[in-house]
Structure formats: C-alpha cells, structure tokens
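Participant: The structure that follows is given in the form of structure tokens.
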Amino acid sequence: MSKYGVLMTDIELWTVADNIKENAYSPYSNIKVGAALLTASGKIFTGVNVENSSFGATVCAERSAVVSAVTAGERDFIKIAVSGTMKSCTPCGICRQFLAEFSKDIVVVYKEPDGTLCSKKLSELLPDSFIY
C-alpha cells in the first residue's frame, strides 16, 4: 500500500514519476521519461523509457509501468503521472491505446509547456480508442 494511499495527490504522483525518470536508458534521443501508475489498491508501479538501436524495440515509460503492474496482478488503474526531460510530456499514441485497454477513465497527470500541472481523463486524450 502506498504511504499516500489511493488519495495520493497529482503532484505527489507526478513527483514519483519525475524522480524515477533519471533511471531511463535513452542514449539515442537523450529524452528521459518516467511514469508512476497508481492502482485502486493504493500501490504505485513505476516505469522508465528504455531505448534500443532497433527503435521498434524501444519501450515507453507508461507501458513499462503498466506491464509491471499487470505482472504483479494489478489491473485496476486510477491514474498515471508522466514526467520527461522536455517541457511537456504526455503519453504517445501507442501508450494511450495501451492504457485504454484497461481504463478509458484513468487520469493522466503531466505538465503543460508552461510548467502547469494538468490532469485529464484518458478519454479526453484519446477520444476514439480501438477496443473490441
């Protein structure tokens, strides 16, 4: 259980993502991204981007966090925070679709280019996801 519990604030979760991004492996883009995923049980799963010289093999931070959570048996996600070394960092299209597999209502927390913390439902960022 997170020390913050399910009621973890956006800034607290974003700070976890911001801190973990330093562990990213990004020798090609030099862009580090961290993600912190909060589950309904109050657990936090983190992920970072891991690049590969075969770019298709690169794994994004958001998908890394989700895979870690699913591996631990978690599938009920409340929100995910994303932080990168660029001014604004929202999930890419693949990550948005990947998250939609589990919940269109998950809240995505990120910073706008002006530094303002923003949170939006995934359905706002990906209004027409592909779901069977």
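The values are calculated or read from the model by the stated rules, or taken from the named source; none is laboratory data. In this text the structure is predicted, and so the values were computed from the model without any measurement. Neighbour counts are summed over all protein chains in view; Cβ atoms, including those assigned to glycine, are modelled from backbone coordinates with ideal geometry. Please note that ligands, DNA and RNA were not included when accessible areas were found on the heavy atoms of the full protein model with its side chains. Shrake-Rupley method; radii C 1.70, N 1.55, O 1.52, S 1.80 Å.
Participant: In Å², what does the accessible area per residue of the chain work out to with a 1.4 Å probe? Walk me through the intermediate numbers first.
Facilitator: Details: 6920 Å² over 132 residues.
Using a 1.4 Å probe on heavy atoms only, each residue of the chain averages 52 Å².
Participant: Taking trypsin sites (Lys or Arg not before Pro) as candidate sites, keep only those in a DSSP loop with at most 11 other Cβ atoms within 10 Å, then name the longest stretch of the chain containing none of them.
Facilitator: Values: sites that count: 3, 87.
It runs 4-86.
Participant: How much accessible surface area, in Å² rounded to 10, belongs to the heavy atoms of residue 50 with a 1.4 Å probe?
Facilitator: Rounded to the nearest 10, that gives 70 Å².
Participant: Leaving ligands and nucleic acids out of the surface, order 112, 101, 22 by accessible area at 1.4 Å, largest first. Show your work: numbers first, answer last.
Facilitator: On the way: 112 55, 101 130, 22 105 Å².
So, going from the largest accessible area down, we get 101, 22, 112.
Participant: Per the 1.4 Å probe, what fraction of the accessible area of the chain, in percent, lies on carbon and sulfur atoms? Write out the running numbers ahead of the final one.
Facilitator: Working: 3770 of 6920 Å².
Roughly 54 percent of what the probe reaches on the chain is carbon or sulfur.
Participant: With respect to the cross-link table entries 43/121; 43/79; 43/87, which display a Cα-Cα separation exceeding 18 Å? Mind showing how you got there, number by number?
Facilitator: Values: 43/121 20 Å; 43/79 11 Å; 43/87 28 Å.
Result: 43/121; 43/87 exceed 18 Å.
Participant: Calculate the dipole size of the chain relative to its Cα centre from +1 charges on Lys and Arg beta carbons and -1 charges on Asp and Glu beta carbons; express the result in debye to the nearest 20. Please report the intermediate quantities before stating the final value.
Facilitator: On the way: 13 positive and 14 negative charges, 20 e Å.
So the magnitude is around 100 debye.
Participant: Let me ask another. Would you list 68, 26 from the most to the least accessible area, probe 1.4 Å? Kindly include the intermediate steps, with their values, before the conclusion.
Facilitator: Working: 68 50, 26 10 Å².
Accessible-area ranking of 68, 26, largest first: 68, 26.
Participant: Give the ranking of 114, 18 by solvent-accessible surface, highest area first, calculated with a 1.4 Å probe. Don't skip to the answer; put the middle values down first.
Facilitator: Numbers: 114 120, 18 40 Å².
So the residues, ranked largest to smallest area, are 114, 18.
Participant: Same structure again: May I ask for the Rg/Rh ratio of segment 1-83, computed from Cα atoms with Rh as the Kirkwood radius, given to two decimals?
Facilitator: Details: Rg = 12.8 Å, Rh = 12.7 Å.
Ratio of gyration radius to Kirkwood radius for segment 1-83: 1.01.
Participant: Would you tell me the accessible area of residue 31, worked out with a 1.4 angstrom probe on the heavy atoms of the protein chains, in Å² to the nearest 10?
Facilitator: That residue has around 60 Å² of solvent-accessible surface.
Participant: If you take every DSSP beta bridge whose two residues both sit in the chain, what share of them, in percent to the nearest 5, is antiparallel?
Facilitator: So the antiparallel bridges amount to about 80 percent of the total.
Participant: Report residue 86's accessible area, 1.4 Å probe, all protein chains in place, as a number in Å² to the nearest 10.
Facilitator: Result for residue 86: roughly 80 Å² accessible.
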